[in-house]
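Only one structure is covered here, and it is reproduced in the block below.
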Amino acid sequence: MIGFQSGRDSYEETSQGKGVFYMHRFFVSADNITGETAYIDKQEARHIKKVLRLKAGDEVILFDGSGQEYKALLMESEKNNLFARIIEIKMKEDSPEISLCLVQGIAKGDKMDNIIQKATEIGTAVIYPLSSERTIVRLQGDSAVKKVNRWQQIAREACKQCRRNVIPLVKPVMEIDQIFQDIGDFPALMLYENEQDNSLRQVLHSIRETVLTTGKIFLIVGPEGGFSEVEVEKARKQGVQTASLGPRILRTETAGIAASSIIMYEYCSLV
Ligand code: SAM
């Protein structure tokens with residue numbers, strides 16, 4: 001696939017050699033759209049002007065994260081404020097048929113950044129950063145809020161790149177008991193490396209009807225240190241199914257993404 005990112009558009013050649021132009025995409029909060037005019041925030045404006053060197057009159061795609069997509073023409077910037085005039089509005093709700101809610105044991109360093117980026121690309125609907133017995137990173141108060149805001153920005157950026165219009169929601173840092181309340185009667189599975197009886201395949205087949213009826217599934221993944229026996233038993237008591245991904249121990253950042261992809265393959269027609 002040949003491609004290039006010009007000042008104006010990104011261009012890709014399909015395997016049949018056809019040229020396909022993709023216009024640059026930028027996130028604009030719905031609050032910043034009044035009538036036909038969209039205000040582009042400073043961070044995006046800087047990228048547009050300084051990095052991509054786009055000019056007044058250039059066409060761009062704006063998305064507000066709800067599924068709305070706007071074709072717009074950049075306008076002359078007033079001082080540091082950049083606006084665009086909307087010329088076409090489309091509702092492109094591109095979410096998978098089921099809502100995959102990833103409950104991810106908070107991983108160390110920038111692993112969470114990567115997990116959130118890949119989960120967004122795969123089509124995950126909601127990401128719960130889980131603080132569990134063995135999470136090494138302890139986030140509370142302002143540090144937790146700052147981290148969640150950063151992770152939400154990463155999800156937004158990933159949507160720009162993968163041309164996704166609905167931005168996944170990154171929830172506040174929670175403990176498992178709080179998440180059980182959100183799970184309620186929805187189907188949920190916990191990846192557990194010591195599970196001897198149920199493979200992921202078997203569990204996905206056994207809950208298929210419920211997932212397709214409710215349209216939602218929770219996937220619970222442990223942090224680097226895994227789950228304690230107490231946490232596993234508590235989950236089972238809540239009706240969560242434990243599932244094995246086989247004999248190898250996957251890193252936390254591998255396990256959630258691998259299982260998410262398998263879930264998408266199992267339940268969604270476009271995969
Ligand atoms: N306790 C593990 C060990 O013995 O090294 C470490 C946990 S693993 C690095 C992190 C998480 O990935 C686990 O909590 C589990 O959710 C998931 N995981 C990794 N390998 C798995 C497997 N083979 N089957 C099911 N889940 C797995």
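The values are calculated or read from the model by the stated rules, or taken from the named source; none is laboratory data. Note that the coordinates shown come from a computational prediction; the quantities given were computed from them, not determined experimentally. Here the Cβ is made from the backbone with ideal geometry for all residues, glycine too, and neighbour counts use every protein chain on show. Calculation scope for accessible area: heavy atoms of the full protein, side chains included, ligands and nucleic acids excluded. Shrake-Rupley method; radii C 1.70, N 1.55, O 1.52, S 1.80 Å.
With contacts taken as Cα pairs under 8 Å and at least 6 residues apart, the chain reaches a relative contact order of 18 percent.
Taking the chain as a Gaussian network of alpha-carbon nodes connected by springs under 10 Å, the highest mean-square fluctuation of the residues G109, G65, G215 belongs to G109.
Of the trypsin sites (Lys or Arg not before Pro) found in region 224-271, the ones in coil according to DSSP and having at most 12 other Cβ atoms within 10 Å of their Cβ are R248, R251.
Under a 1.4 angstrom probe, counting protein chains only, how are K216, K42, K79 ranked by accessible area, largest first? Walk me through the intermediate numbers first.
Numbers: K216 60, K42 115, K79 190 Å².
Descending order: K79, K42, K216.
Q161 to R251: extension gain in nm, 0.36 nm per residue of separation minus the Cα-Cα distance?
In short, 29.9 nm is gained.
The spacing between region 201-255 and region 100-119, judged by their C-alpha centroids, is 16 Å.
Grab the Cα-Cα distance for I87 and L212, subtract it from 0.36 nm times how many residues apart they are, and report the gain in nm with one decimal.
The span from I87 to L212 would gain 41.2 nm if fully extended.
Our coupling estimate for region 243-250, obtained by passing each phi through the Karplus curve with A = 6.51, B = -1.76, C = 1.60 and θ = phi - 60°, is 9, 9, 9, x, x, 8, 8, 8 Hz, Gly and Pro reported as x.
How much of the accessible area of region 99-267, probe 1.4 Å, is carbon plus sulfur, in whole percent?
C and S atoms contribute 48 percent here.
State the Kirkwood hydrodynamic radius of the chain in Å, one decimal place, computed from all pairs of distinct Cα atoms. Every distinct Cα pair counted, the radius reaches 20.3 Å.
Pulled fully out, how much extra length does the chain show between K50 and Q140, if you take 0.36 nm times their separation in residues and subtract their Cα-Cα distance? Display every interim value, and only then the final one.
Numbers: separation 90, 0.36 × 90 = 32.40 nm, distance 3.65 nm.
Contour length minus the Cα-Cα distance gives 28.7 nm.
Mind putting a number on the dipole of the chain about its Cα centre? Charges go on the C-beta only, +1 for Lys and Arg and -1 for Asp and Glu, and I need it in Debye to the nearest 20. Mind showing how you got there, number by number?
On the way: 35 positive and 37 negative charges, 166 e Å.
Result for the chain is approximately 800 debye, rounded to the nearest 20.
Between amide H atoms placed 1.01 Å from N, distances below 5 Å from A188 occur with F218, Q241, all of them 5 or more places distant or on a separate chain.
Close amide H pairs (under 5 Å, H built 1.01 Å from N) link S132 with I106, residues at least 5 positions away or on another chain.
Placing a label point 7 Å from the Cα of E76 along the Cα-to-Cβ direction, the residues of region 27-70 whose backbone N falls under 15 Å of that point are 55-58. Amide H contacts of S99: K216, I217, each under 5 Å away and 5 or more positions distant or on a separate chain (H built 1.01 Å from N in the peptide plane; Pro and chain starts excluded). Bridges between two residues of the chain, per DSSP, are antiparallel at a rate of about 55%.
In the chain, taking the dipole from charged Cβ atoms about the Cα centre, the farthest positive-side position among M75, G35, N149 is held by M75. Springs between Cα atoms under 10 Å define the GNM used for the chain, and in it the highest mean-square fluctuation of V145, V103, V166 occurs at V145. Here N194 and L169 are evaluated by their C-beta separation; at R0 = 30 Å the FRET efficiency comes out at 0.45. For the listed residue pairs K49/K79; K50/K147; K49/K118; K42/K79; K171/K234; K111/K147, the alpha carbons are over 18 angstrom apart in K50/K147; K49/K118; K171/K234.
Give me the accessible area per residue for region 106-244, probe 1.4 Å, as a whole number in Å².
On the way: 6600 Å² over 139 residues.
Heavy-atom SASA per residue in region 106-244 reads 47 Å².
Residues considered: V60, V51, V203. Largest GNM mean-square fluctuation over the chain, using C-alpha springs under 10 Å, is found at V51. With the Cα gyration tensor of region 153-271 giving a ≥ b ≥ c as the square roots of its eigenvalues, does the rule (a/c under 1.5 for rounded; else a/b larger than b/c for prolate; else oblate) give rounded, prolate or oblate? In terms of gyration-tensor shape, rounded. The trypsin sites (Lys or Arg not before Pro) of region 136-201 that DSSP puts in a loop, and whose beta carbon has at most 14 other beta carbons within 10 Å, are R138, R163.
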